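In what follows, a single structure is set out as structure tokens and then discussed.
The values are calculated or read from the model by the stated rules, or taken from the named source; none is laboratory data. As the structure is a computational prediction, the values presented were derived from the model and not from experiment. Cβ placement follows ideal geometry from the backbone for every residue including glycine, while neighbour counts extend to all protein chains displayed. Protein only, heavy atoms only, side chains kept; ligands, DNA and RNA dropped before computing areas. Shrake-Rupley method; radii C 1.70, N 1.55, O 1.52, S 1.80 Å.
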Amino acid sequence: HVLGDQTIHGCFPKVGVGRLKGFVSTTTIFIFFFFLLAIAALLNWMDIPIIQGIPLGQARSSEIHHESVEFPFNCSNLVNYPSVFEPKESSTNGTCPDYFRWIHQDLKQWKSTGITEDMIERGKPSADFRLVIVNGTAYVERYRMSYQTRDVFTIWGILQLLRLYPEKVPDLDLLFFCGDDTVIKKRNYKGRYAALAPPVFHYCGEKAALDIVFPDWTFWGWGEVNIKPWEETLRAIKKGNERIKWEKREPYAYWKGNPLVSRDRRLSFMKCNLSAKHDWNVRLYKQDWGQEIQGGFKHSKLEDQCTHSMTLMIQPKYHDFFSRSMVPMQHFWPIRRKNRCKHLKFAVEWGNNHPHMAEAIGKAGSKFIEEALTMRNVYDYMFHLLNQYSKLLKFKPTIPPNAQKLCSETTEQGLWKEFMVQSMVKSPSDKPPCALPPPFEPQAIQASLDAKENKTRQTKTWETEYWKKTKT
């Protein structure tokens, strides 16, 4: 049983259900995916233990602080690269996964007013950088250093999108925040102030915020903790997932990460570990990233951690772009925050007593990540989000005076350069993006939330009966 922890990028570990471990497994829901660790993406992903293995999002105040690496793009010797998107005749890519519907919801705040230059200017204090695309060329204006190389790899990912769909990404002007917590709070933009809300892109969102959710940087690699680009990571995890049959997996809840990143959540969470007084069926391990870096990351490979079953996810406060389509008791087992040790013990007991059902949940979570969270879908999500966003602009984007022109070349070294080479789009797509599904009807969103709550409530009923029988 893998513990999902949302403490990676401020949201899920994409690998926070970004990446599942056991295929259940980042940056910090799941996931479960620690496979995940950013949770995609989930999942330092913010303040809640989430996946199994690596703290995908080690974001908050990890013991190791790496200087942000400046991205020295060099546009003087561009390689001859096709600049026209020419998909094969009659080629189609089907309809996008259901989680693409949330694009409409995340942009709803500005549907009636549109987005003005004044809104962009007002949002600068909340952003790390401003990205402008004019005639297919990207420019960036930086306002402050982001943690590690989050900004570098986020920008790199957008450049790869331009290479995948040349001349198809419209002119746009956007602000991006690379930190953990959400920055545009709904409470500040109610009533007559609603029209003043600045649009800011971010790795995660929450019910109380207006941040526009965008795929996190780890899909293109996280050099500081040796997380490879998503396509390679996914292949490795799938292979590692096949090493141990489901019925042979460890009968405990498992989590490994840096408990000092979020002291109020993770340190208290460590109390659920095995002790002389209690065995909550939980095995928690402290990750010393300083030691791991010096040792060459020998003990933090995600593919070596697929030794447990279904994902157990502690109720997340935040969500990333794909996690809202994940369903409790279908893709993961929900764990309430209060009295979490008791809830974890019951969840493990239930899984051990219902191995086939636990296996089904674990495999469904893995399948979701394998099929719905491909890099193609990540790029298509970015494509549709940016296109829908551009339609809301009430002004013509222009290049800021202090902006730097970007191109897909770099003189980075080490893992950073290696990951960029691995994740570089080598040629334009031979088919169009998937078709964006229509927005949710208001009643559909509420129905989905009610259904998830009902499933969670069922686990509460089972647990109540369990503790009555055990009388503990």
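Extension gain for Val84 to Glu121 (0.36 nm times residue separation, less C-alpha to C-alpha distance): 10.0 nm. Using the average count of surrounding beta-carbon atoms within 10 Å as a protection proxy, the listed peptides 175-181, 346-352 rank, highest first, as 175-181, 346-352. Projected label points at Lys394 and Thr95, each 7 Å from Cα along the beta carbon direction, are separated by 3.4 nanometres. What FRET efficiency comes out for the pair Lys405/Asp279, r = Cβ-Cβ distance, R0 = 60 Å, nearest 0.05? Taking R0 as 60 Å, the efficiency between Lys405 and Asp279 is 0.55. Taking the 1.4 Å solvent-accessible surface of the stretch 388-472 as the whole, the part contributed by carbon and sulfur is 55%. Largest accessible area first, the residues Cys272, Cys341 order themselves as Cys341, Cys272 under a 1.4 Å probe with ligands, DNA and RNA left out. In the frame of its principal axes, the stretch 317-446 has Cα extents of 61, 46, 34 Å, reported largest first. Among His104, His202, the sequence by solvent-accessible area, most first, with a 1.4 Å probe is His104, His202. Whole-Hz Karplus values for the stretch 106-122 come out as 5, 9, 4, 4, 10, 5, 7, 9, x, 10, 9, 4, 4, 5, 5, 4, 5 Hz, taken residue by residue from phi with 6.51 cos²θ - 1.76 cosθ + 1.60 and θ = phi - 60°; glycine and proline positions read x. Close amide H pairs (under 5 Å, H built 1.01 Å from N) link Ala253 with Val282, Arg283, residues at least 5 positions away or on another chain.
A simple spin-label model places the labels of Ala444 and Thr464 3.3 nm from each other, with each point 7 Å out along Cα-to-Cβ.
The equivalent ellipsoid that matches the C-alpha gyration tensor of the stretch 212-266 spans semi-axes of 24, 21, 11 angstrom, in descending order.
Amide hydrogen proximity for Asp128: with H placed 1.01 Å from N in the peptide plane, the residues at 5 or more positions away or on another chain lying under 5 Å are Phe176, Phe177, Cys178.
Here the accessible area is traced with a 1.4 Å probe on the protein chains. For the stretch 289-366, carbon and sulfur cover 49 percent of it. Here the spin labels are modelled as points 7 Å beyond Cα on the Cα-Cβ line, and at Glu242 and Glu371 they lie 1.8 nm apart. Extension gain, His356-Arg235: 0.36 nm per intervening residue step, less the Cα-Cα distance, totals 41.1 nm. Per q in 0.13, 0.20 Å⁻¹, report the Debye log10 I(q)/I(0) for the stretch 318-381, using one uniform scatterer on each alpha carbon and no solvent. Values returned for q = 0.13, 0.20 Å⁻¹ are -0.45, -0.86.
Peptides 135-146, 312-323 ordered by packing proxy, namely the average of other Cβ atoms within 10 Å per residue, highest first: 312-323, 135-146. Could you pull out which residues in the stretch 222-258 have an amide N less than 14 Å from a spot 7 Å beyond the Cα of Lys426, following the Cα-Cβ vector? The answer is 232, whose backbone nitrogens lie closer than 14 Å to the label point. Nonpolar atom fraction for the stretch 196-257, defined as the carbon and sulfur part of the 1.4 Å probe accessible area, stands at 48 percent.
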